[in-house]
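Undergrad: Dumping the structure here so I can ask a few things about it.
The values are calculated or read from the model by the stated rules, or taken from the named source; none is laboratory data. Here the structure is a predicted model, which is why all the values come from computation and not from measurement. Quick reminder, even Gly has a Cβ in these numbers, built from the backbone with ideal geometry, and neighbours come from all protein chains shown.
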Amino acid sequence: MLDTLTFGFLGGGNMATALIGGLIARGVPAGSIRVVDPFPEAQQRLARDLGVHAAGAPDAAFGACDVLVLAVKPQQFRDAAAQLLPILPASGKGNLVISVAAGIRLQDMERWLDGRARLVRAMPNTPALAGMGMTGLAAPAGLSAEDRAIASAVAEAVGKCVWVDGDDQIDAVTAISGSGPAYVFYFIEAMERAATELGLTAEQGRELAVETFRGAATLAGQSSEPVSTLRERVTSKGGTTYAALTAMEASGIGDAFVRAMHAAAARGKEMGAEFGKD
């Protein structure tokens, strides 16, 4: 499916680079991909490393791409949309536009692009850089099954994806998986610190923590049982794991963790209102 389409990326940063690399690995010709980035160094890197056409501003050829991926910062999105308007088809909805800008709502995308595109809002996370991303996708109710399949295939070029019902649920996705890698890194940092306090080296602590997260996540992904059951199997009453989890519960870590994700979701909603102001 993807190898018959042309792609335009507005923004050539890490996420765009990961997506482009994933698309090429899945058979999309580099010559079918155009990238716009204002920085000459980024243009040179993209052309050299990936073989794509890179330029400093969008042109008619960019506007004619079947799929446009807007990989810009949220505060830059409105200006990016204004750059695109002159080169989008004047009538109809000729482009599938996928936004990976956090907080930008579908209704604002529709307004800023003057209704000229079919829209998808995506929330990937940074493990996409390692081909293990998780992306939440949302679209207006009328988006075709074909466009949904294209958006899914783009997201799956760097990992897995899940469709949700709209902007509110994308805020939840942002809180759980978009921001989620930072939570994992936070716990790895704490485990590294504990390791050094217990007499291990920082290197040993890092390896133990990273591989434990990797293994536990893989086990949870492969198992059909509830995660609570997997946890209970590791937790013998009176044992070391029981002592650790009891200390965590006494400190309110579980409830604090849930509150943190509610805070992240609320901030995502605030960002949508903030960036969507007229």
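Undergrad: Show the residue pairs that are 6+ apart or on different chains and have beta-carbon atoms under 6 Å apart, the first residue being within the range 122-146 and within 16 Å of residue 21 (Cα to Cα), the second being β-branched (Val, Ile, Thr) and in a strand (DSSP E or B).
TA: 124/135
Undergrad: Moving on to the next point. Mind counting the residues in the range 52-75 that are closer than 26 Å to residue 152 by Cβ and not hydrophobic (A, V, I, L, M, F, W, C)?
TA: Residues that pass the stated criteria total 6.
Undergrad: Suppose we filter the range 27-73 for residues that are exposed (fewer than 13 other Cβ atoms within 10 Å of the Cβ), over 25 Å from residue 118 (Cβ atoms) and not aromatic (Phe, Trp, Tyr); how many remain?
TA: The total comes to 7.
Undergrad: With the structure loaded, tell me whether residue 220 is hydrophobic (A, V, I, L, M, F, W, C), under 30 Å from residue 109 (Cα atoms), in contact with a helix residue (DSSP H, G or I) (Cβ under 8 Å, 6 or more places away or on another chain) and part of a helix (DSSP H, G or I) or whether it fails that test.
TA: Against the criterion (hydrophobic (A, V, I, L, M, F, W, C), under 30 Å from residue 109 (Cα atoms), in contact with a helix residue (DSSP H, G or I) (Cβ under 8 Å, 6 or more places away or on another chain) and part of a helix (DSSP H, G or I)), residue 220 does not qualify.
Undergrad: Related question: Looking only at the range 1-16, which residues are under 20 Å from the mean Cα position of the chain (by Cα) and either surrounded by fewer than 21 Cβ atoms within 10 Å (Cβ to Cβ) or hydrophobic (A, V, I, L, M, F, W, C) (or both)?
TA: Matches in the range 1-16: 2, 7, 9, 10, 13, 14, 15, 16.
Undergrad: Under the condition of being small (Gly, Ala, Ser) and closer than 30 Å to residue 108 by Cβ, which residue from the range 164-196 is surrounded by the most Cβ atoms within 10 Å (Cβ to Cβ)?
TA: Of everything passing the filter in the range 164-196, 178 is surrounded by the most Cβ atoms within 10 Å (Cβ to Cβ).
Undergrad: Residues in the range 209-225: is at least one over 24 Å from residue 133 (Cβ atoms) and either touching a His at 6+ places or on another chain (Cβ under 8 Å) or of a type outside the set (D, E, K, R) (or both)?
TA: At the first step, the residues of the range 209-225 found to be over 24 Å from residue 133 (Cβ atoms) are 225.
When the remaining residues are screened for being either touching a His at 6+ places or on another chain (Cβ under 8 Å) or of a type outside the set (D, E, K, R) (or both), the result is none.
Checked the range 209-225: no residue is over 24 Å from residue 133 (Cβ atoms) and either touching a His at 6+ places or on another chain (Cβ under 8 Å) or of a type outside the set (D, E, K, R) (or both).
Undergrad: For the range 1-87, list the helices (runs of 4 or more DSSP H) that sit wholly inside it and hold at least 3 residues that are closer than 21 Å to residue 103 by Cβ and modelled with pLDDT under 95; which are they?
TA: Filter on the range 1-87 gives 77-84.
Undergrad: Okay, next question. Residues to consider are 236, 223; find the one that is in contact with a Ser or Thr (Cβ under 9 Å, 6 or more places away or on another chain) and exposed (fewer than 12 other Cβ atoms within 10 Å of the Cβ).
TA: Sole residue among the options that is in contact with a Ser or Thr (Cβ under 9 Å, 6 or more places away or on another chain) and exposed (fewer than 12 other Cβ atoms within 10 Å of the Cβ): 223.
Undergrad: Also, quick follow-up: Taking the range 226-245 as the search range and keeping residues that are part of a loop (DSSP other than H, G, I, E, B) and of a type outside the set (Ser, Thr, Tyr), which one is nearest to residue 133 (Cα to Cα)? Please lay out each step first, then the result.
TA: Initial filter on the range 226-245 (part of a loop (DSSP other than H, G, I, E, B)): 226, 235-239.
Subsequent filtering for residues that are of a type outside the set (Ser, Thr, Tyr) retains 226, 237-239.
On the way: 226: 22, 237: 36, 238: 37, 239: 35 Å.
By that ranking, first place goes to 226.
Conditions (1) hydrophobic (A, V, I, L, M, F, W, C); (2) out of contact with any strand residue (DSSP E or B) (no Cβ under 8 Å at 6 or more places or on another chain), marked per residue:
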position	(1), (2)
17	no, yes
25	yes, yes
31	no, no
41	no, yes
46	yes, no
57	yes, no
71	yes, no
74	no, yes
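Undergrad: Would it be correct to say that residue 104 is part of a loop (DSSP other than H, G, I, E, B), of a type outside the set (Gly, Ala, Ser) and touching a helix residue (DSSP H, G or I) at 6+ places or on another chain (Cβ under 9 Å)?
TA: yes
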